[in-house]
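Only one structure is covered here, and it is reproduced in the block below.
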Amino acid sequence: MTHTTIKQPNLIKIALYQPDIPQNTAAIIRICACFNTRLDIIEPCGFIMNDKRFKRITMDYINSCKIKTFNNFEDFKIAKDRKRIILMTTKANIKYNKFKFKNNDTILFGRESAGAPKSIHNIVDHKLIIPIHPKTRSLNIASSVAIALSEALRQNNLYL
């Protein structure tokens with residue numbers, strides 16, 4: 001497997017809305033560290049991020065990932081300052097690979113157990129879906145992050 005170096009820190013961000021499974025968040029921290037992408041975490045989380053067990057499953061990637069936490073969705077939305085928030089959801093009609101990502105987009109993912117509430121669906125800029133086989137329910141959130149982030153980076157030519 002070959003590795004391509006990522007250019008300077010990109011402006012595309014990943015955001016997790018109230019994540020509730022620490023192993024998935026740890027995998028997403030690793031993805032964001034490897035792609036030099038900031039991770040925004042909208043609290044409350046279903047686990048304690050400072051817990052030594054959580055830090056153990058993130059390995060050393062937690063030290064390589066830029067993580068910003070927000071107390072709630074309102075604080076997160078204010079911090080975006082008119083930049084686009086793209087929600088990845090099974091309740092969308094636009095396929096992620098047919099959408100034009102911009103270099104300052106934030107790609108938002110809902111809770112593993114419940115997705116994003118309707119109130120968030122109503123205020124995001126765009127909603128996208130990753131099409132999967134009709135006999136399956138959904139992808140793991142870490143896999144979805146990798147798929148969507150890779151497409152956004154590819155479209156914006158953020159690989160060397």
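With Cβ to Cβ distances under 12 Å as the rule, what net charge do the other residues near ILE57 carry (K, R +1; D, E -1)?
+3
Given PRO134, SER113, MET88, which one lies farthest toward the positive end of the charge dipole of segment 2-160, if we put +1 on the Cβ of every Lys and Arg and -1 on the Cβ of every Asp and Glu?
PRO134
Given all pairs of different Cα atoms, what value in angstroms does the Kirkwood hydrodynamic radius of segment 77-160 take?
Its Kirkwood hydrodynamic radius stands at 13.4 Å.
Kirkwood-based Rg over Rh for the chain (C-alpha set), two decimals?
Dividing the radius of gyration by the Kirkwood radius yields 0.94.
Let me have the relative contact order for segment 89-160, percent, based on Cα pairs under 8 Å that are six or more residues apart.
48 percent
Give me the net charge for the shell around ASP75: Cβ to Cβ below 13 angstrom, other residues only, Lys and Arg +1, Asp and Glu -1.
In short, -1.
Counting DSSP beta bridges in the chain, what percent are antiparallel, to the nearest 5?
If I count the DSSP bridges inside the chain, around 10 percent turn out antiparallel.
Please report the net charge: other residues with Cβ closer than 14 Å to the Cβ of PHE99, K and R +1, D and E -1.
+4
Values quoted throughout were computed directly from the atomic coordinates according to the rules given, and no laboratory measurement underlies them. Remember, predicted model here, so these are calculated numbers, not experimental data. Cβ sites come from the backbone with ideal geometry, for glycine too, and all protein chains shown count toward neighbours.
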